[in-house]
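This report concerns only the one structure given below.
The values are calculated or read from the model by the stated rules, or taken from the named source; none is laboratory data. Since we're looking at a predicted model, the values are computed, not measured. Heads up, the Cβs are rebuilt from the backbone with ideal geometry, glycines too, and the neighbour counts pull from every protein chain shown.
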Amino acid sequence: MGQDVNVRAANTMAFSAEPQALPTDFALSNLHVRQQIFRIVAVDSTNKMLTLDKPLEYGIPVTSSSDGSAARGARARVQRPLPRLACLGFALRGQ
């Protein structure tokens, strides 16, 4: 508990259609583009559930095709929360 977690949602065809981004002549990426950072306030290991410090700002489908969309690429992407890790000693420099 108290750990930060990154909750990500993959692009779905339905998500791309919402802002009228389809049809397109460009390749569609099979990526996670929507994400939010939360803090874990409770863990239920028996039921494999996390309680987060605030509600989700948008719905997250179980997979990138569970909203009825066709899978992008060879397979549907599974959504899962990931630990947020710090990158120590990392810096950007202008050139």
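One residue is enough: does the range 35-44 have a residue meeting the conditions modelled with pLDDT under 85 and either at positive phi or of a type in the set (A, V, I, L, M) (or both)? No. Taken as a whole, the range 12-30 holds at least one residue that is at pLDDT 75 or above, surrounded by 11 or more Cβ atoms within 10 Å (Cβ to Cβ), within 17 Å of the chain's Cα centre (by Cα) and in a loop (DSSP other than H, G, I, E, B). Scanning the range 33-59 for residues that are under 11 Å from M1 (Cα atoms) and of a type outside the set (A, V, I, L, M, F, W, C) yields R39, D44, T51, D53.
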